[in-house]
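A short write-up of the structure that comes next.
The values are calculated or read from the model by the stated rules, or taken from the named source; none is laboratory data. Predicted model only: the values in this text are computed from it and were never measured. No Cβ is skipped: glycine too gets one built from the backbone with ideal geometry, and neighbour counts run over all protein chains shown. Each accessible area value is taken on the protein alone, full model and side chains, heavy atoms only, with ligands, DNA and RNA left out. Shrake-Rupley method; radii C 1.70, N 1.55, O 1.52, S 1.80 Å.
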Amino acid sequence: MGMAMTSSPQPPPPPRRRRSRLHSATTISAPSANPNPNPKAKVIPLLSDVGRLQSATPTPTPNGNPSSNSKGKVLPLLSDVGSNPSAIDYYSRVASNLAGAGRLGDFLIAAEGLRAASGDAGFAARINWRLLSRGVVAALREHGLPHVLEFLRDADRIGVHATVMLDADASDAVAAACRQLLDERIMAEFVEAIEALANCGFFVKGIVDPMDVLKIFVRKRDTDMAIRYARIFPHSQLLLCNTMEAFGKRKELKHALKVFGALKDQLGGINMFACRSIIDICSHCGSSVQARIIFEGLLAEKITPNTHVFNSLMNANAHSMSYNFSVYKHMQKLGVRPDLASYNILLKTCCNAREFNTAQEIYEEMKKKEHDGILKLDVFTYSTMMKVFAEAKMWKMASNIKDDMRAVGARLNLVTWSSLINAYANSGLVDGAIEILEEMIRDGCQPTAPCFNIILTALVKSCQYDRAFRLFNSWIEFGIKVSLSLEQKGSLPDNFTFCEEHPGTNGGTILVVPFRPTVTTYNILMMACGTNDERAKSVMNEMKRNGLCPDRISWSILMDIYGTSKNRNGAIQALRRMQRVGIKLNVSAYTVAIKACVESKDLKLALHLFEEMKAHQLKPNMVTYRTLLTARSKYGSLKEIQKCLAIYQEMRQAGYQAYDYYLKELIVEWSEGVLSSDGGNRNFYHLDRKDERNESFNLFLEKVARFLQKDVDQNQTVDVRGLSKVEARIVVLSTLRKIKEKHLLGRAVQDDLVIITGHEKTSYTDVETTATDVEHAITAVLTDELGLEVFVGPESRPPVSSKLRAPSRPRRPQGMIKITVNSLNHWLKRKSARDVQ
């Protein structure tokens, strides 16, 4: 059944009227029985294949007017839609057939025209959802997801909520296309698709778990996209909190704070749960300062934090006792009632600060509140107090805590028993610790390897190495035997593990509890080897035979034992072995190896390892610097002293606290080395490890350090004006030491050495003759201790020996001391001959 075609198509309408694109070459005139009241009104056209899709289509007459078909049905006009309900059904069927054929664009044109003509959206309910779903699936297959998303947006705009009308197959197809973008990690397009579907009313939560997507953004550190995606869902607040915590677990504090800011902006204020979460994240990332800033922001906005926020803040600052107690007082001032967690955190703070008396006072206050029915102490409280007393070596007080627990019917758990064992072990009561271990088993608590390790560690710390090995071998071979009564055996939990059971006395039984050592256990035994590197290596091999893999600590202990036994090669081989077995070297491993080299007096290799460590982007710590600096007495040459001084300055630049005592010792020992006596006159400097008060002298030492790192000019002029006697002595002796080092390398002295003393006062005293004292001190060391020939003053007059009686009246300083080139060469020859002897 065909349709009447006009001789020529109509011109295309203006682009601004999208509905006019509906008209094609076929037009339908109004039937004679129902003339069109508005001849200029445009009627909806049919496309060339509508006759194939529709079961009834009018047959055109020669004059262009449609006629009735064989059944007498006449095609309704678009203008009749408002007054003819059957017209809505007809054009809805036309639109549905267009959608079913996959012509979603034509469907939108027809639907938009029908909506404009009918004046309402009642036609949408007449759309065949099966045909629409079929067309969406076909469009996905042929044109892809972007085409379908554009269709859904346009359909929603004209009142056809297509996402609601899609069947299960079409919805699954759309969801599968979104998941494909996610699998291919095309994240930007995926988020745009989810946003578009959500705006159209699609159930986007069923496409994929939102947190799975947010975790991808967390791994990519893409905070902006994570925030954008989370805000799509109704439960965006919860998703943002979870995203913030996900960044916190990865210690990405900067990104977590950004999510927290977005959450505040979305809520228009601060959510206490989010605030507590971000403070916990700051604690996990080790940024107590940031936690304080967030808390102060709450107070600045006149917001009273709840108990949980206060607890999180105090937990983040558990290392600062003064701050936490100020927070606790502020908490009481605001009327926020502390709970059990608040007191437990205060106990933890006291434990970290080793304030045992304060901890005990808080514990007594908590017991009083428990008696009054305000608090109910938990196992964490008792365990914390046991830890406090264990570190204070107050085993009796720790035992009293156990009695308190049993008095209130609280059962000791693994942590509590471990703390009690540790209390006895730290006090040196190893036998008592073993008895507590047996009591723990009788109480039905399964001991773990750390419980045994505590006892072995106590033996190692008390240097009972042989007993540690005997006890270990006994546990391995026989386990630990404990006598139990029938009642005690009956109270054991079902999951309690034992390897043997023997009948005991009085109807009781003897249980044999196995001991399963860990890597930590063998590490403790390696420390019990002392300086016996062969025995330590044997323990490590036994660890491997038992299916355990030595960790970084194991290798570090072995290297340390090699270093203590002066086996430098063994330490270096262990370091390289660590690399071959796949253990990533850290600063501690390199520091132990450097220490082994220092102990073996191989400074060249120690410095090589130091440079290798920095080449691997590892920053030396304070222990590394001190290990190298404490080897100061082993630095003999100018090159070595310059390297050591460079390490010292690097330590200062890295921000570590300066131990200027090491620099004093280094410079003094090296400069005094030019004297014939061992160590020179060290008492002259009054070196004291605790005397670091003279800051100006320490700054002077750094200047000397920079001076020593420069190359020596043989035509040396030394200016000691404004220096004290000690400083002037160091500068002069350091200069002579540098000249000696260059002489040993074959560079002869070619000119006199001039020392300018000046006439002015120094900054260390107001005595007018200070410059004279400096000049006399320099002359004394040059002539009396080194045997050099010197001339004082511009006239180059030879000085009177300092060993002669000093003049009764202080002379005026001459301002210059000169050592002739002949005197320097003669002194260097004498030094060389003495060194050969």
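Among the listed pairs 742/818; 264/367; 367/393; 333/393, those whose Cα-Cα separation exceeds 30 Å are 264/367; 333/393.
Run the accessible area of region 504-544 with a 1.4 Å probe and give the carbon-and-sulfur part as a rounded percent. Carbon and sulfur atoms account for 47 percent of the accessible area of region 504-544. One Cα centroid belongs to region 425-464, the other to region 507-533; the line between them spans 11 Å. Along the axis of the charge dipole computed for region 438-545 (Cβ charges of +1 for Lys and Arg, -1 for Asp and Glu, origin at the Cα centre), the listed residues 502, 464, 449 are led at the positive end by 464.
Mind checking the per residue accessible area of region 293-449 for me, 1.4 Å probe, whole number of Å²?
Values: 7090 Å² over 157 residues.
Solvent-accessible surface per residue comes out at 45 Å².
Given a 1.4 Å probe and the protein chains as shown, residue 485 ends up with an accessible area of around 50 Å². Listed values for region 155-160 are Karplus-derived 3J(HN,Hα) couplings in whole Hz (6.51 cos²θ - 1.76 cosθ + 1.60, θ = phi - 60°), namely 5, 5, 5, 8, x, 9, and x replaces Gly and Pro.
Under the convention that each Lys and Arg Cβ holds +1 and each Asp and Glu Cβ holds -1, the size of the dipole of region 464-593 around its Cα centre is about 800 debye. Rank 532, 519, 480 by how far each Cα sits towards the positive end of the charge dipole of region 453-555 (+1 on Lys, Arg Cβ; -1 on Asp, Glu Cβ) and give me just the farthest. After comparing all options, I get 532. Packing, taken as the mean count of other beta carbons within 10 Å per residue, orders the peptides 588-595, 230-237 from highest to lowest as 588-595, 230-237.
For region 427-514, what does the relative contact order come out to in percent, with C-alpha contacts under 8 Å and a separation of six or more? Once divided by the residue count of region 427-514, the mean separation gives 29 percent. Each other residue within a Cβ distance under 11 Å of residue 227 adds +1 if Lys or Arg and -1 if Asp or Glu, for a net charge of 0. Take every pair of alpha-carbon atoms less than 8 Å apart whose residues are at least six positions apart; their mean separation over the length of region 126-231 yields a relative contact order of 25 percent. For region 167-300, the carbon plus sulfur part of the accessible surface works out to 48%, probe radius 1.4 Å.
Computed from the Cβ-Cβ distance with R0 of 35 Å, the FRET efficiency linking residue 378 to residue 588 stands at 0.45. Expressed as a whole percent, the accessible surface of region 547-614 that belongs to carbon and sulfur atoms is 51, based on a 1.4 Å probe. Taking 29 Å as the limit for the C-alpha separation, the pairs 537/604; 604/725; 544/614; 619/725 exceed it in the case of 604/725; 544/614; 619/725. Note on residue 439 and residue 304: their simple-model spin labels are 4.6 nm apart, each label 7 Å out from Cα toward Cβ.
Per residue, the accessible area of region 459-539 comes to 57 Å² when a 1.4 Å probe rolls over the protein heavy atoms. For region 408-508, a simple Cβ point-charge model (Lys and Arg +1, Asp and Glu -1, everything else neutral) yields a dipole of about 260 debye relative to the Cα centre. Taking all Cα pairs closer than 8 Å and separated by 6 or more residues, the relative contact order of region 356-474 comes to 19 percent.
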